[in-house]
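Supplied in structure tokens, the structure appears directly below.
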Amino acid sequence: MTGNDLQPAGSLPPHVGDVVLRAREIEKYFGHNHVLRGVNLDVRQREAVMIIGRSGSGKTTFLRCLNFLEEPTVGWVEIDGVRADANPLGARDRGHRERVRRLRLNAGMVFQEFNLFPHMTALGNCTEAPMRVRGLDRRRAEELADRFLAKVGLADKRNEYPSRLSGGQKQRVAIARALCMEPRVLLFDEPTSALDPELIGEVLQVMEELAHEGATMIVVTHEMHFAREAADRVIFMEEGIVCEEGPPEQVLNAPEDERTRRFLRRFLNVE
Amino acid sequence: MTSAEIPASGSGPIVERIAAARRTARRLWRLEFALVWLALVLGIVWVLAATGNVDLEFVQTWTPFILGGVGFTLLVCVSSIIGAVVLALLGALGRLSANPLINGLASFYVSLVRGTPLLVQIYFVYYGLPQVGIILDALPAGILALSFNYGAYMTEIFRAGIQAVPRGQQEAAEALGMPSRLVFRRVILPQAFRIVIPAIGNEFIAMIKDSSLVSIIGLQEILWRAGTAGRPILKTIPAFLIAALFYWVLTIIFSFFQERLERRLARSDVR
């Protein structure tokens, strides 16, 4: 263990392992808009971290910085030993792009809008990258895909195109697609925000199972009940910084920071 | 006239009576539509006959000769549309490239070719290029000129098609660790193609007629044959009318297939 590790507030849950993902001093500007003002994060193996905060707090931007879909302005990210440094002018830097690509291999991402490939079946969505990026042969890739499609409860939909699936089913296929890369960390960007209310449950259930089985995950969410059930650690962000973090009972039930309290009060009243 | 009434009396439940009334209305609509076409065609024939331009003997003698140009017209069009698609794809990639050299070349190509008349371009390829030592037969020269010309217009179509693929598609592919080439080939391009197919069909119809311009360099397609048949015996107008009819029929046939293709695309699972 290097001296670089952050200690999460409170004691570590017993099931977590070594640090898998490290993000340091992440800052992000959109033009002159200072969206992230230096965010640090260490995530340990088998840990489920939920990031909450009002819209505009920078939580989604931070998540997208972790796999460089948003290029950070300052800072660095390391996942499973692959480190990429912020390089705001790096779009044409081959070395940088390749480092970022290798970083992404260890980070599966699930999007708010699913972003399934509409011209491929559920199975095709799940085998595309394993075959063409990881270099698995078709038989092996399909085995893997079938296993994860079954895990999200969609074994019977393997040959359907996304347009024939409901929102909840699409999102579960998207989760299976991410799992097929067997990443070290799963990143979820408000995975239920685009879903009709009656479809949210099936997606959260899959995610909760994953968390209980020890998947390492970082979830940006508005689902407080889900965070309370499935999180090992909750992070509250506001105005581009982490205001408070800790076990869900502490952050959600007995927040110390005034801003967290205000947010939760308003949020719970609305709910 | 086409408005339908639900029969007040009649057998069967209301839904069936509505369906029957709709069918009747649709049949009536089609009948009226066909009558309009028939009236207009007969009108044109009558005008031509009245002005003495329908010379049955000439038509009988020369129609087979002019018809013999259809094959050449189609050969020129099909070859040129293939060439144009390749050029348009390269052009669109160039126009979207961050590299100033490639982007500059592509935008210069589009600007030059769209800014000058096709007729001039055909002359230039056939009569101009030999002056720098590039001597082409009429057929490759005609195909080259048409390909370059249509490639420039279609560059913009392809560029718009590529840009119309939702941003999330690229992000999802990148998040899976796909290198940019693979992202383009496997995710962006197949979707962009579906978007531009109707527009390519349109360009093809335009090309069927623009291919007549290559008659000026002596390619024995429809228009060249019409001129050759009509001019010596001062029957240019009937000859060109026959040629026009062939072009029209070709576009009608092609439009029919294009419409079916578009309907299939609209219905298809993947959109």
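The values are calculated or read from the model by the stated rules, or taken from the named source; none is laboratory data. Here the structure is a predicted model, which is why all the values come from computation and not from measurement. For neighbour counting, all protein chains shown are included, and Cβ atoms are generated from backbone atoms with ideal geometry for every residue, glycine included. Protein only, heavy atoms only, side chains kept; ligands, DNA and RNA dropped before computing areas. Shrake-Rupley method; radii C 1.70, N 1.55, O 1.52, S 1.80 Å.
Go ahead and run the numbers for FRET between residue B:107 and residue A:182, Cβ-Cβ distance against an R0 of 45 Å, rounding to 0.05. Intermediate results must be reported in sequence, preceding the final value.
Working: r = 43 Å, r/R0 = 0.96.
The computed FRET efficiency comes out at 0.55.
Need one number: nm distance between label points at residue B:249 and residue B:17, each 7 Å from Cα along Cα→Cβ, rounded to one decimal.
4.8 nm
Which of rounded, prolate, oblate describes the protein assembly as shown, given a ≥ b ≥ c as roots of the alpha-carbon gyration tensor eigenvalues and a/c under 1.5 marking rounded, otherwise prolate only if a/b is larger than b/c? Before the final figure, lay out the partial values.
Details: a/c = 3.21, a/b = 1.90, b/c = 1.69.
Because a/c hits 1.5 or more and a/b exceeds b/c, the protein assembly as shown counts as prolate.
Continuing with the same structure: Leaving out same-chain residues fewer than 8 places away, which lysines sit with a Cα under 16 Å from that of residue A:151?
Once the sequence-local lysines are set aside, what remains near residue A:151 is A:170.
Sticking with this one: At 7 Å along Cα-to-Cβ for each site, give me the label-to-label distance between residue A:150 and residue A:225 in nm.
Distance between label points: 3.1 nm.
Another one. Which lysines have a Cα less than 20 Å from the Cα of residue A:59, not counting those fewer than 8 places away in the same chain?
Excluding near neighbours in sequence, the set is A:28.
Let me know the volume per residue of the alpha-carbon convex hull for chain A, in Å³.
Once divided by residue count, the hull of chain A is 137 Å³.
Follow-up. With a 1.4 Å probe and every protein chain left in place, tell me how much accessible area residue A:189 has, in Å² to the nearest 10.
We get 10 Å² for residue A:189.
Moving on to the next point. Other chains near B:167-174: what is the mean number of their Cβ atoms within 10 Å of each residue's Cβ? Intermediate values should be presented prior to the final figure.
Details: counts 2, 6, 5, 2, 9, 14, 5, 8.
Average neighbour count from other chains, rounded to a whole number: 6.
Would you kindly state how much longer the chain becomes between residue A:159 and residue A:194 on full extension, computed as 0.36 nm times their sequence separation minus their alpha carbon distance, in nm to one decimal? Walk me through the numbers on the way to the answer.
Working: separation 35, 0.36 × 35 = 12.60 nm, distance 2.37 nm.
Gain on extension, residue A:159 to residue A:194, equals 10.2 nm.
Further question on the same structure: Distance in nm between label sites at residue B:118 and residue A:37, each 7 Å beyond Cα in the beta-carbon direction?
6.1 nm
Counting only other chains, and only Cβ atoms inside 10 Å, what mean value do you get across the residues of A:14-20?
Numbers: counts 0, 0, 0, 0, 0, 0, 0.
Mean partner-chain Cβ count within 10 Å for A:14-20: 0.
Right, next: Need one word for chain B: rounded, prolate or oblate. Basis is the Cα gyration tensor (sqrt eigenvalues a ≥ b ≥ c); a/c below 1.5 gives rounded, then a/b vs b/c decides.
Working: a/c = 3.27, a/b = 1.06, b/c = 3.09.
Oblate, since a/c reaches 1.5 and b/c is not below a/b.
Within a 10 angstrom radius of each residue's Cβ in A:112-121, how many Cβ atoms of other chains show up on average? Whole number is fine. Mind dumping the intermediate values first?
On the way: counts 1, 5, 2, 10, 3, 9, 10, 11, 4, 2.
Going residue by residue through A:112-121 and averaging, the value is 6.
Return the carbon/sulfur percentage of the accessible area of region B:159-268, one whole number, probe 1.4 Å, all protein chains in place. Before the final figure, lay out each step's value.
Numbers: 3350 of 5520 Å².
Whole-percent figure for carbon plus sulfur exposure: 61.
Just to make sure I understand: if all protein chains stay in place, what is the order of A:30, B:184 by accessible area at 1.4 Å, largest first? Walk me through the intermediate numbers first.
Working: A:30 90, B:184 45 Å².
Ranked from most to least accessible, the order is A:30, B:184.
Out of A:228, A:102, A:94, any idea which swings most in a Gaussian network model of chain A, alpha carbons joined below 10 Å?
With Cα springs under 10 Å in chain A, the top fluctuation among A:228, A:102, A:94 is at A:94.
State, as an integer percentage, the relative contact order of region B:111-208 based on alpha-carbon contacts under 8 Å between residues 6 or more apart. Intermediate results must be reported in sequence, preceding the final value.
Details: 61 pairs, mean separation 25.9, N = 98.
Rounded, it is 26 percent for region B:111-208.
Using Cα pairs under 8 angstrom and six or more residues apart, how large is the relative contact order of chain A, in percent? Don't skip to the answer; put the middle values down first.
Numbers: 508 pairs, mean separation 65.5, N = 271.
Result for chain A is 24 percent.
Rounded to the nearest whole Å², what accessible area per residue is found for the protein assembly as shown with the 1.4 Å probe? Working shown, then result.
On the way: 27370 Å² over 542 residues.
That works out to 50 Å² for each residue.
Per the Debye formula with a single identical scatterer at each Cα and no solvent contribution, what log10 I(q)/I(0) holds for region B:135-182 at q = 0.18 Å⁻¹?
The computed values of log10 I(q)/I(0) come out as -0.68.
Heads up, I need the accessible area for residue B:78: 1.4 angstrom probe, whole protein in place, Å², nearest 10.
The accessible area of residue B:78 comes to roughly 70 Å².
Rounded to the nearest 0.05, what FRET efficiency is calculated for residue B:27 and residue B:261 with R0 set to 45 Å and r the Cβ-Cβ distance? Before the final figure, lay out each step's value.
Values: r = 26 Å, r/R0 = 0.58.
That pair, residue B:27 with residue B:261, gives E of 0.95.
Given a Förster distance of 22 angstrom, what is the FRET efficiency for residue B:97 paired with residue A:102, based on the Cβ-Cβ distance and rounded to 0.05? Working shown, then result.
Values: r = 24 Å, r/R0 = 1.10.
So, using R0 = 22 Å, E works out to roughly 0.35.
Between chains A and B, what is the buried accessible area in Å², counting both sides, with a 1.4 Å probe and ligands, DNA and RNA left out, to the nearest 100?
Working: alone 12700 and 16790 Å², together 27370 Å².
Approximately 2100 Å² gets buried when A meets B.
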